[in-house]
Amino acid sequence: MTEFESVIGIEIHAQIATKTKMFCRCDNDSFDKEPNSNVCEVCMGFPGQLPVINSEAVQKGIKAALALNCTVPEYSKFDRKNYFYPDLPKGFQISQYDKPLSEKGWIEIEVEGNIKKINITRLHLEDDAGKLTHIPGGTLVDYNRSGSPLMEIVSDPDIRTPEEAMAYAKEIQNILRFCGASDADMEKGMMRFDASVSIRPKGETKLNHRAEIKNLNSFKSLGAAIKYEVERQIALWNEDQPLKKDITMGWADDSGKTYFLRDKEGSDDYRYFPEPDLPPLIVTKDQLEKIAATVPEMPAQKRKRYEKDLGLLPDDARILTSDIYTAQYFEEIVSIVKDPKKAVSFMNTILLKRLKEDQIALEESPVNAGDLAKLIVLVENGEISNNQAKDEVFNAMYEYGKTAEDVVKEKGLKVVSDEGAIEKACKKILENNPDTLEDLKMGKERAFGFLVGLVMKETKGQANPKLVNEILKKLI
Ligand SMILES: [Zn+2]
């Protein structure tokens, strides 16, 4: 049996987070708006209307390009991509063809502990089409989304498995959010994928004909569609019927199958030509430097820094950089507390676990970062024990919105570090439990823990456990 390798490239369309659309002044936020209420002559393609380039879209596009390690040339231009579709009122899309905004980037992805570099061919700007809704007996069209600014991010065919494809798409989403270029909210259709899939016998380097699966709108569909299509192509190959041309496919989420749409269009089909209504796009070195200065630390850099400088475990670093809110929350805590590992322990094992159980997003957490940090500081200063903090105090903060200090005051939780008082309690317990003391002397080590427990009970859980241990040992 021939062993196959799949060759996958991904195109990502992400809506750029701007106030207005790509070439007109309509609001870029159409979510929840009445259909066809957020439109104007330009984005409806009326004759004689002139587009104007949205500078915020250009700046955010460049920011994303730099975050993806792309090169941004001084000169780029817009082109008309001609095709007819009912949701495209102009009869063409304004895109970038041979001189894109940026080229030749890369990102790193991690799958099962292995780091892999995926090259990015280009990132260019374009405008979006409207939206069709098929209903029994007809089709509805809503032009609200028409003219929204998009960036298209095209990868090299470097991806080999559905898992790598999903990791790649998630990392791009994370990067776009970290740099503020796109909200990349899949549920609102702000990020969509096309996956090009071909196969070849392992060891060969030739690129065979591919199937481009259009409009995948979740990570799950992306992975499932690629998996299905690879298996389909292998079956065809084994029947001696490999793909004889490039094709365009659709994906049906409900049946879990790809289906044939049409032969793949080549660039000739689109009759690209330079957009006559727009000037070339010139990005000066000075402008580029200014934008570069606003690109924040990216998730991969953060992960490395957390591991190297803060001594965190790779798994913890990954959780904390899994989205921008989590990273910001963590960094606010770390700026206040002494021990980053303690911050991780409170965040990952207490707060995030509880939020997950309650299905609450971190952005809506009832305990904010500053307050969680104050709780950790109380532990660091030895004012309350770790267990008190993680249990009683945290729960009261989470459930009743109280601050750590209030809870400690109300419940009288302060740890007793008064050695005299602890010694007195220890002596009393030893006197009242001669049998346990005897067991201990006979070598039953568990008896010691039992005595510690009794002292803690005697002091109503307020004694500093470290001191209890020390003093008990001394007395015995
Ligand atoms: Zn408009």
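Every number here is computed from the coordinates shown, using simple stated rules; none is lab data. What you see is a predicted model; the values in this text were computed from it and never measured. Neighbour counts are summed over all protein chains in view; Cβ atoms, including those assigned to glycine, are modelled from backbone coordinates with ideal geometry.
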- Across segment 98-105, in residue order, what do the Karplus-derived ³J(HN,Hα) couplings come to in whole Hz, using 6.51 cos²θ - 1.76 cosθ + 1.60 with θ = phi - 60° and x for Gly and Pro? 8, 10, x, 4, 7, 8, 6, x
- Note on the structure: A correct fewest-to-most ranking of PHE346, PHE273, PHE394 by other Cβ atoms within 10 Å would be PHE273, PHE394, PHE346
- Note on the structure: Amide H contacts under 5 Å for MET44, restricted to residues at least 5 apart in sequence or on another chain and with H modeled in the peptide plane, are none
- Positive-end residue, the chain charge dipole about Cα centroid, Cβ charges, pick of VAL295, ILE135, PHE330: PHE330
- Estimated distance in nm for a label pair at GLU445 and ASN82, the labels positioned 7 Å out from Cα along Cα-to-Cβ: 8.5 nm
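Given Cβ point charges of +1 (Lys, Arg) and -1 (Asp, Glu) and nothing else, what value in debye, to the nearest 20, does the dipole of segment 299-340 about its Cα centre take?
I would put it at about 200 debye.
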- Task: Work through the residues other than TYR400 whose Cβ is under 15 Å from its Cβ and net out their charges, Lys, Arg +1 and Asp, Glu -1.
- Result: -4
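Between SER218 and SER37, what FRET efficiency comes out of the Förster formula 1/(1 + (r/R0)^6) with R0 = 35 Å and r the beta carbon distance, rounded to 0.05? Before the final figure, lay out the partial values.
On the way: r = 28 Å, r/R0 = 0.79.
It comes to 0.80.
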- Item | Under 5 Å, built H, 5+ apart or other chain: amide partners of GLN96 | ASP79, LEU125
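Please identify every one of the trypsin sites (Lys or Arg not before Pro) in segment 432-471 that sits in a loop by DSSP and has no more than 15 other beta carbons within 10 Å of its own beta carbon.
Details: sites: LYS441, LYS444, ARG446, LYS457, LYS460, LYS466; in loops: LYS444, LYS460.
Here the sparse-neighbourhood loop sites are LYS444, LYS460.
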- Message: Charges on Cβ only, +1 for Lys and Arg, -1 for Asp and Glu, centred on the Cα centroid of segment 297-411; of TYR398, LEU351, LEU310, which one is farthest towards the dipole's positive end?
- Response: LEU310
- Item | Amide H contacts under 5 Å for LEU281, placed H, 5+ residues apart | SER76, LYS77, PHE78
- Message: Taking R0 as 30 Å, what FRET efficiency do you get between GLU239 and TYR325 from their Cβ-Cβ distance, rounded to the nearest 0.05?
- Response: 0.05
- Query: When the dipole is taken about the Cα centre of the chain, and only Lys, Arg (+1) and Asp, Glu (-1) are charged at their Cβ, what size is it in debye, to the nearest 20?
  - Reply: 740 debye
- Could you calculate the contour length gain from LYS104 to LEU50, that is, 0.36 nm times the residue separation minus the distance between their Cα atoms, to one decimal place in nm? 16.3 nm
- Separation between the LYS206 and LYS409 pseudo-spin-labels, each 7 Å from Cα along Cα→Cβ, expressed in nm? 7.9 nm
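With a 10 Å Cβ neighbour count serving as the proxy for reagent exposure, in which order, fewest first, do HIS13, HIS124 appear? Working shown, then result.
Values: HIS13 18, HIS124 23.
Sorted ascending by nearby Cβ count, the order is HIS13, HIS124.
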- Query: What FRET efficiency do you get for LYS264 and LYS341 if R0 is 35 Å and r is their Cβ-Cβ distance, rounded to the nearest 0.05?
  - Reply: 0.10
- Message: Over all directions, the average projected area of the alpha-carbon convex hull for the chain comes to how many nm²?
- Response: 32.4 nm²
- Note on segment 239-368: alpha-carbon gyration tensor, axes a ≥ b ≥ c; rule is a/c under 1.5 for rounded, else prolate if a/b larger than b/c, else oblate; result oblate
- Using 0.36 nm per residue of separation minus the Cα-Cα distance, give me the extension gain between PHE273 and SER255 in nm, one decimal. 2.5 nm
- Value of relative contact order over segment 4-291, rounded to a whole percent, pairs C-alpha under 8 Å and six or more apart: 24 percent
- What size of dipole, in debye to the nearest 20, comes out for segment 419-475 about its Cα centre when the only charges are +1 on Lys and Arg C-beta atoms and -1 on Asp and Glu C-beta atoms? 140 debye
